[in-house]
Amino acid sequence: MNRFDRITAILIQLQSKRVVKAQDLADRFDISLRTVYRDIRTLEEAGVPLYGEAGVGYSLVEGYRLPPVMFSREEAIAFLTAEKLMEKFTDDSLQSHFSSAMFKVKAVLRGTEKDLVENLESQIMVTQRKTNASPSGNILDTLLKAISDKKVIKMEYKAFGNEESLERKIESIGVFHEYENWYTIGYCHLRDSYRQFRLDRVVCMELTDEQQQERTSLKEFNEMRERAKASLTLQKVIIKVDKTMALYIQEHKHYYGFVSEKVSDNYIEMTFLTQSPQQGFVRWLAMFGDHVELVEPLSLKAEMKKLLNRISEKMNL
(Lines give C-alpha, C1' and ligand atoms only; values in the text may rest on other atoms or scores of the structure.)
Protein backbone atom coordinates (compact mmCIF):
# COMPACT_ATOMS: atom_id res chain seq x y z
CA MET A 1 0.00 0.00 0.00
CA ASN A 2 1.43 3.41 -0.94
CA ARG A 3 1.45 6.26 1.55
CA PHE A 4 -1.51 8.13 0.03
CA ASP A 5 -3.74 5.04 0.18
CA ARG A 6 -2.59 4.30 3.72
CA ILE A 7 -3.37 7.82 4.97
CA THR A 8 -6.81 7.64 3.32
CA ALA A 9 -7.42 4.27 5.00
CA ILE A 10 -6.33 5.71 8.36
CA LEU A 11 -8.86 8.53 7.97
CA ILE A 12 -11.61 6.00 7.18
CA GLN A 13 -10.68 3.98 10.27
CA LEU A 14 -10.76 7.14 12.42
CA GLN A 15 -14.35 7.69 11.23
CA SER A 16 -15.33 4.12 12.12
CA LYS A 17 -14.69 4.39 15.89
CA ARG A 18 -14.78 7.03 18.59
CA VAL A 19 -11.19 6.35 19.60
CA VAL A 20 -8.47 4.62 17.59
CA LYS A 21 -5.20 3.61 19.22
CA ALA A 22 -1.91 4.27 17.44
CA GLN A 23 -0.87 0.66 18.06
CA ASP A 24 -4.02 -0.59 16.32
CA LEU A 25 -3.10 1.47 13.24
CA ALA A 26 0.47 0.20 13.36
CA ASP A 27 -0.72 -3.41 13.56
CA ARG A 28 -3.26 -3.07 10.76
CA PHE A 29 -0.90 -1.44 8.26
CA ASP A 30 2.28 -3.19 9.47
CA ILE A 31 4.11 0.06 10.09
CA SER A 32 6.02 1.54 13.03
CA LEU A 33 4.46 3.87 15.61
CA ARG A 34 6.77 6.58 14.33
CA THR A 35 5.19 6.24 10.86
CA VAL A 36 1.72 6.37 12.41
CA TYR A 37 2.56 9.65 14.16
CA ARG A 38 3.92 11.08 10.91
CA ASP A 39 0.75 10.09 9.01
CA ILE A 40 -1.45 11.61 11.73
CA ARG A 41 0.50 14.89 11.44
CA THR A 42 -0.09 14.82 7.66
CA LEU A 43 -3.84 14.56 8.23
CA GLU A 44 -3.74 17.45 10.72
CA GLU A 45 -1.77 19.61 8.25
CA ALA A 46 -4.43 18.81 5.62
CA GLY A 47 -7.07 20.34 7.91
CA VAL A 48 -8.59 17.19 9.43
CA PRO A 49 -9.74 18.15 12.98
CA LEU A 50 -8.05 15.52 15.16
CA TYR A 51 -7.26 15.37 18.82
CA GLY A 52 -5.22 12.78 20.65
CA GLU A 53 -4.52 11.83 24.24
CA ALA A 54 -1.43 9.94 25.35
CA GLY A 55 -2.28 6.37 26.31
CA VAL A 56 -5.83 6.68 24.94
CA GLY A 57 -5.74 7.28 21.19
CA TYR A 58 -6.93 9.56 18.41
CA SER A 59 -10.42 10.90 17.72
CA LEU A 60 -12.07 13.07 15.12
CA VAL A 61 -13.90 16.16 16.29
CA GLU A 62 -17.59 15.30 16.69
CA GLY A 63 -19.57 16.02 13.53
CA TYR A 64 -16.67 15.85 11.08
CA ARG A 65 -17.34 13.47 8.21
CA LEU A 66 -16.05 13.02 4.70
CA PRO A 67 -18.49 12.44 1.82
CA PRO A 68 -19.14 8.73 1.08
CA VAL A 69 -15.96 6.99 -0.05
CA MET A 70 -15.65 4.99 -3.24
CA PHE A 71 -15.17 1.25 -2.84
CA SER A 72 -12.54 -0.64 -4.78
CA ARG A 73 -13.29 -3.57 -7.08
CA GLU A 74 -12.00 -6.04 -4.46
CA GLU A 75 -14.08 -4.45 -1.68
CA ALA A 76 -17.21 -4.64 -3.85
CA ILE A 77 -16.64 -8.37 -4.39
CA ALA A 78 -16.06 -8.85 -0.64
CA PHE A 79 -19.38 -7.14 0.15
CA LEU A 80 -21.21 -9.31 -2.36
CA THR A 81 -19.69 -12.48 -0.91
CA ALA A 82 -20.66 -11.36 2.60
CA GLU A 83 -24.23 -10.79 1.41
CA LYS A 84 -24.44 -14.39 0.15
CA LEU A 85 -23.20 -15.67 3.53
CA MET A 86 -25.68 -13.49 5.41
CA GLU A 87 -28.53 -14.99 3.37
CA LYS A 88 -27.70 -18.50 4.62
CA PHE A 89 -26.36 -18.09 8.13
CA THR A 90 -28.45 -15.38 9.82
CA ASP A 91 -32.11 -14.85 10.65
CA ASP A 92 -34.66 -13.04 8.47
CA SER A 93 -34.35 -9.73 10.26
CA LEU A 94 -30.56 -9.46 9.99
CA GLN A 95 -30.73 -10.51 6.35
CA SER A 96 -33.15 -7.65 5.71
CA HIS A 97 -30.89 -5.12 7.48
CA PHE A 98 -27.84 -6.28 5.55
CA SER A 99 -29.72 -6.19 2.25
CA SER A 100 -30.73 -2.58 2.98
CA ALA A 101 -27.11 -1.71 3.78
CA MET A 102 -25.97 -3.33 0.52
CA PHE A 103 -28.22 -0.99 -1.49
CA LYS A 104 -26.38 1.93 0.13
CA VAL A 105 -23.01 0.34 -0.66
CA LYS A 106 -24.02 -0.25 -4.28
CA ALA A 107 -25.24 3.35 -4.53
CA VAL A 108 -21.70 4.72 -4.13
CA LEU A 109 -20.01 2.22 -6.43
CA ARG A 110 -18.57 3.44 -9.71
CA GLY A 111 -20.35 2.31 -12.86
CA THR A 112 -17.83 -0.42 -13.67
CA GLU A 113 -18.06 -1.82 -10.10
CA LYS A 114 -21.87 -1.78 -10.29
CA ASP A 115 -21.69 -3.85 -13.48
CA LEU A 116 -19.22 -6.22 -11.84
CA VAL A 117 -21.45 -6.80 -8.79
CA GLU A 118 -24.53 -7.30 -10.98
CA ASN A 119 -22.73 -9.87 -13.15
CA LEU A 120 -21.26 -11.73 -10.16
CA GLU A 121 -24.49 -11.96 -8.14
CA SER A 122 -25.69 -15.04 -10.04
CA GLN A 123 -22.22 -16.63 -10.01
CA ILE A 124 -21.61 -16.74 -6.25
CA MET A 125 -23.57 -19.34 -4.31
CA VAL A 126 -23.41 -20.48 -0.70
CA THR A 127 -25.02 -23.85 0.05
CA GLN A 128 -25.94 -25.09 3.49
CA ARG A 129 -26.78 -28.56 4.73
CA LYS A 130 -30.42 -29.39 5.30
CA THR A 131 -30.58 -28.59 9.00
CA ASN A 132 -32.70 -26.42 11.24
CA ALA A 133 -29.59 -24.76 12.61
CA SER A 134 -30.33 -21.20 11.47
CA PRO A 135 -32.26 -19.06 13.96
CA SER A 136 -35.83 -18.37 12.90
CA GLY A 137 -37.64 -15.04 12.70
CA ASN A 138 -35.67 -12.24 14.33
CA ILE A 139 -34.02 -14.17 17.18
CA LEU A 140 -30.43 -13.32 16.26
CA ASP A 141 -31.33 -9.69 15.62
CA THR A 142 -33.14 -9.42 18.98
CA LEU A 143 -30.20 -11.00 20.74
CA LEU A 144 -27.71 -8.56 19.25
CA LYS A 145 -29.92 -5.63 20.27
CA ALA A 146 -30.05 -6.99 23.82
CA ILE A 147 -26.25 -7.25 23.96
CA SER A 148 -25.86 -3.74 22.55
CA ASP A 149 -28.43 -2.18 24.93
CA LYS A 150 -27.45 -4.43 27.87
CA LYS A 151 -31.02 -5.62 28.35
CA VAL A 152 -32.28 -8.88 29.90
CA ILE A 153 -33.86 -11.33 27.44
CA LYS A 154 -36.95 -13.46 28.10
CA MET A 155 -37.25 -16.56 25.94
CA GLU A 156 -38.89 -19.94 25.59
CA TYR A 157 -36.13 -22.52 25.28
CA LYS A 158 -36.38 -26.22 24.46
CA ALA A 159 -33.26 -27.97 25.77
CA PHE A 160 -31.86 -31.04 24.05
CA GLY A 161 -33.94 -34.14 24.85
CA ASN A 162 -36.83 -32.16 26.35
CA GLU A 163 -40.23 -32.00 24.68
CA GLU A 164 -41.41 -29.11 26.83
CA SER A 165 -39.91 -25.63 26.62
CA LEU A 166 -39.02 -23.59 29.69
CA GLU A 167 -39.15 -19.83 30.13
CA ARG A 168 -35.68 -18.45 30.71
CA LYS A 169 -34.38 -14.99 31.52
CA ILE A 170 -30.78 -14.50 30.49
CA GLU A 171 -28.18 -11.75 30.35
CA SER A 172 -26.31 -12.51 27.15
CA ILE A 173 -22.59 -11.72 26.98
CA GLY A 174 -22.13 -12.62 23.30
CA VAL A 175 -22.94 -14.85 20.34
CA PHE A 176 -20.81 -17.15 18.22
CA HIS A 177 -21.16 -19.59 15.32
CA GLU A 178 -19.66 -23.04 15.74
CA TYR A 179 -20.27 -26.51 14.29
CA GLU A 180 -22.99 -25.21 11.93
CA ASN A 181 -25.01 -23.58 14.74
CA TRP A 182 -25.42 -20.17 16.36
CA TYR A 183 -24.99 -20.02 20.15
CA THR A 184 -25.24 -17.45 22.90
CA ILE A 185 -23.65 -17.54 26.33
CA GLY A 186 -25.41 -15.70 29.10
CA TYR A 187 -26.16 -15.56 32.80
CA CYS A 188 -29.32 -17.62 33.31
CA HIS A 189 -31.65 -16.41 36.08
CA LEU A 190 -33.29 -19.84 36.33
CA ARG A 191 -30.02 -21.73 36.88
CA ASP A 192 -28.25 -18.84 38.64
CA SER A 193 -25.11 -19.39 36.58
CA TYR A 194 -23.70 -18.96 33.08
CA ARG A 195 -25.18 -21.25 30.45
CA GLN A 196 -24.77 -21.84 26.72
CA PHE A 197 -27.88 -21.85 24.49
CA ARG A 198 -28.25 -23.03 20.90
CA LEU A 199 -30.35 -20.52 19.02
CA ASP A 200 -32.26 -22.97 16.82
CA ARG A 201 -33.75 -24.36 20.07
CA VAL A 202 -35.20 -20.98 21.02
CA VAL A 203 -38.97 -21.05 20.44
CA CYS A 204 -39.44 -17.29 20.90
CA MET A 205 -37.49 -14.38 22.35
CA GLU A 206 -38.24 -10.83 23.46
CA LEU A 207 -36.42 -7.93 25.10
CA THR A 208 -37.40 -6.85 28.59
CA ASP A 209 -36.96 -3.46 30.26
CA GLU A 210 -34.62 -4.99 32.85
CA GLN A 211 -31.06 -3.74 32.69
CA GLN A 212 -28.26 -6.30 32.78
CA GLN A 213 -25.88 -6.36 35.70
CA GLU A 214 -22.18 -5.94 35.09
CA ARG A 215 -21.06 -9.29 33.67
CA THR A 216 -17.86 -10.76 32.32
CA SER A 217 -17.17 -10.35 28.60
CA LEU A 218 -17.37 -13.22 26.12
CA LYS A 219 -13.60 -13.06 25.66
CA GLU A 220 -12.98 -13.30 29.41
CA PHE A 221 -15.52 -16.13 29.72
CA ASN A 222 -13.79 -18.13 26.96
CA GLU A 223 -10.40 -17.58 28.58
CA MET A 224 -11.77 -18.93 31.88
CA ARG A 225 -13.31 -21.91 30.07
CA GLU A 226 -10.02 -22.67 28.30
CA ARG A 227 -8.17 -22.58 31.62
CA ALA A 228 -10.76 -24.95 33.10
CA LYS A 229 -10.33 -27.33 30.14
CA ALA A 230 -6.56 -27.22 30.56
CA SER A 231 -6.93 -28.36 34.17
CA LEU A 232 -8.89 -31.47 33.13
CA THR A 233 -7.13 -34.79 32.79
CA LEU A 234 -6.81 -35.54 29.10
CA GLN A 235 -5.85 -38.89 27.63
CA LYS A 236 -3.62 -39.25 24.62
CA VAL A 237 -4.93 -41.40 21.77
CA ILE A 238 -2.95 -42.29 18.63
CA ILE A 239 -4.52 -43.91 15.58
CA LYS A 240 -3.33 -44.87 12.11
CA VAL A 241 -5.81 -44.15 9.32
CA ASP A 242 -5.72 -45.48 5.77
CA LYS A 243 -5.24 -42.60 3.37
CA THR A 244 -8.35 -43.67 1.47
CA MET A 245 -10.46 -43.04 4.60
CA ALA A 246 -8.59 -40.02 6.02
CA LEU A 247 -10.66 -37.59 3.98
CA TYR A 248 -13.84 -38.63 5.83
CA ILE A 249 -12.20 -38.30 9.24
CA GLN A 250 -10.76 -34.84 8.53
CA GLU A 251 -14.17 -33.18 8.66
CA HIS A 252 -14.93 -34.04 12.30
CA LYS A 253 -11.53 -34.75 13.85
CA HIS A 254 -11.40 -31.40 15.68
CA TYR A 255 -14.57 -32.31 17.61
CA TYR A 256 -12.61 -35.10 19.32
CA GLY A 257 -9.48 -33.28 20.47
CA PHE A 258 -7.27 -33.53 17.37
CA VAL A 259 -3.71 -32.35 18.05
CA SER A 260 -1.41 -33.32 15.18
CA GLU A 261 -0.77 -35.79 12.36
CA LYS A 262 2.14 -37.43 10.54
CA VAL A 263 1.80 -38.53 6.93
CA SER A 264 3.50 -41.69 5.67
CA ASP A 265 3.26 -43.58 2.38
CA ASN A 266 0.19 -45.67 3.21
CA TYR A 267 -1.45 -44.11 6.26
CA ILE A 268 -1.78 -40.98 8.39
CA GLU A 269 -0.95 -41.15 12.08
CA MET A 270 -3.24 -38.86 14.10
CA THR A 271 -2.83 -37.81 17.72
CA PHE A 272 -5.75 -36.74 19.91
CA LEU A 273 -6.11 -35.45 23.46
CA THR A 274 -9.56 -36.31 24.75
CA GLN A 275 -11.26 -36.23 28.14
CA SER A 276 -13.20 -39.49 27.88
CA PRO A 277 -12.07 -41.67 24.97
CA GLN A 278 -14.11 -44.62 26.28
CA GLN A 279 -17.34 -42.80 25.43
CA GLY A 280 -17.84 -40.63 22.35
CA PHE A 281 -14.40 -41.14 20.83
CA VAL A 282 -14.73 -44.94 20.61
CA ARG A 283 -18.19 -44.69 19.03
CA TRP A 284 -16.91 -42.21 16.46
CA LEU A 285 -13.92 -44.41 15.66
CA ALA A 286 -16.14 -47.48 15.23
CA MET A 287 -17.55 -45.92 12.03
CA PHE A 288 -14.13 -46.29 10.40
CA GLY A 289 -13.03 -49.44 12.21
CA ASP A 290 -12.01 -51.43 9.13
CA HIS A 291 -9.68 -48.63 8.01
CA VAL A 292 -8.23 -47.58 11.39
CA GLU A 293 -5.58 -49.07 13.69
CA LEU A 294 -5.48 -48.08 17.36
CA VAL A 295 -1.86 -47.50 18.38
CA GLU A 296 -2.41 -46.32 21.96
CA PRO A 297 -3.70 -46.65 24.59
CA LEU A 298 -4.09 -50.43 24.50
CA SER A 299 -6.96 -50.22 26.99
CA LEU A 300 -9.02 -48.49 24.34
CA LYS A 301 -8.87 -51.60 22.15
CA ALA A 302 -10.73 -53.52 24.86
CA GLU A 303 -13.41 -50.81 24.95
CA MET A 304 -13.73 -51.01 21.18
CA LYS A 305 -14.19 -54.80 21.34
CA LYS A 306 -16.91 -54.43 23.98
CA LEU A 307 -18.74 -51.90 21.84
CA LEU A 308 -18.52 -54.07 18.72
CA ASN A 309 -19.73 -57.11 20.67
CA ARG A 310 -22.78 -55.17 21.92
CA ILE A 311 -23.51 -54.03 18.37
CA SER A 312 -23.18 -57.61 17.15
CA GLU A 313 -25.61 -58.83 19.82
CA LYS A 314 -28.15 -56.15 18.96
CA MET A 315 -27.96 -57.05 15.29
CA ASN A 316 -28.18 -60.80 16.09
CA LEU A 317 -24.96 -61.39 14.16
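Below is a table of values for the structure above.
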{"read-out": "Residue list for the range 1-36, restricted to those being aromatic (Phe, Trp, Tyr) and open to solvent by less than 70 Å² (accessible area, probe 1.4 Å)", "value": "PHE29"}
{"read-out": "Criterion: of a type outside the set (Phe, Trp, Tyr), open to solvent by less than 70 Å² (accessible area, probe 1.4 Å), more than 27 Å from THR184 (Cβ to Cβ) and modelled with pLDDT under 90 - qualifying residue of LEU234, LEU308, LEU300", "value": "LEU300"}
{"read-out": "Members of the range 277-317 found to be within 24 Å of GLU251 (Cβ to Cβ), touching a residue at least 40 places away in the same chain (Cβ under 8 Å) and assigned to a loop (DSSP other than H, G, I, E, B), listed by number", "value": "PHE288"}
{"read-out": "Evaluation of GLY52 against (1) at pLDDT below 90; (2) in a helix (DSSP H, G or I); (3) among the small types (Gly, Ala, Ser) (one fails), failing number", "value": "(2)"}
{"read-out": "Filter result for GLU44 (at pLDDT below 85, assigned to a helix (DSSP H, G or I) and among the acidic types (Asp, Glu))", "value": "no"}
{"read-out": "Any pair with Cβ under 8 angstrom, 6 or more apart, that starts in the range 196-225 at a residue that is surrounded by fewer than 12 Cβ atoms within 10 Å (Cβ to Cβ) and ends at one that is aromatic (Phe, Trp, Tyr) and modelled with pLDDT of 90 or more", "value": "GLN213/TYR187"}
{"read-out": "Condition check for SER193: at pLDDT 90 or above, among the small types (Gly, Ala, Ser) and surrounded by 14 or more Cβ atoms within 10 Å (Cβ to Cβ)", "value": "no"}
{"read-out": "Per-region count, the range 13-39, residues closer than 18 Å to TYR51 by Cβ, under 26 Å from the mean Cα position of the chain (by Cα), of a type in the set (A, V, I, L, M, F, W, C) and in a helix (DSSP H, G or I)", "value": "2"}
{"read-out": "ALA246 vs. criteria modelled with pLDDT under 90, loosely packed, with under 13 Cβ neighbours inside 10 Å and hydrophobic (A, V, I, L, M, F, W, C)", "value": "no"}
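Yes/no per residue for (1) under 23 Å from TYR183 (Cα atoms); (2) open to solvent by less than 80 Å² (accessible area, probe 1.4 Å):
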{"position": "GLU87", "(1), (2)": "yes, no"}
{"position": "SER93", "(1), (2)": "yes, yes"}
{"position": "ASP115", "(1), (2)": "no, no"}
{"position": "SER122", "(1), (2)": "no, no"}
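The values are calculated or read from the model by the stated rules, or taken from the named source; none is laboratory data. A quick note: this is a predicted structure, and the numbers were derived from the prediction, not measured. Cβ: placed from backbone, ideal geometry, glycine included. Neighbour counts: every protein chain shown. Just the protein is used for accessible areas: all its heavy atoms, side chains included, with ligands, DNA and RNA removed. Shrake-Rupley method; radii C 1.70, N 1.55, O 1.52, S 1.80 Å.
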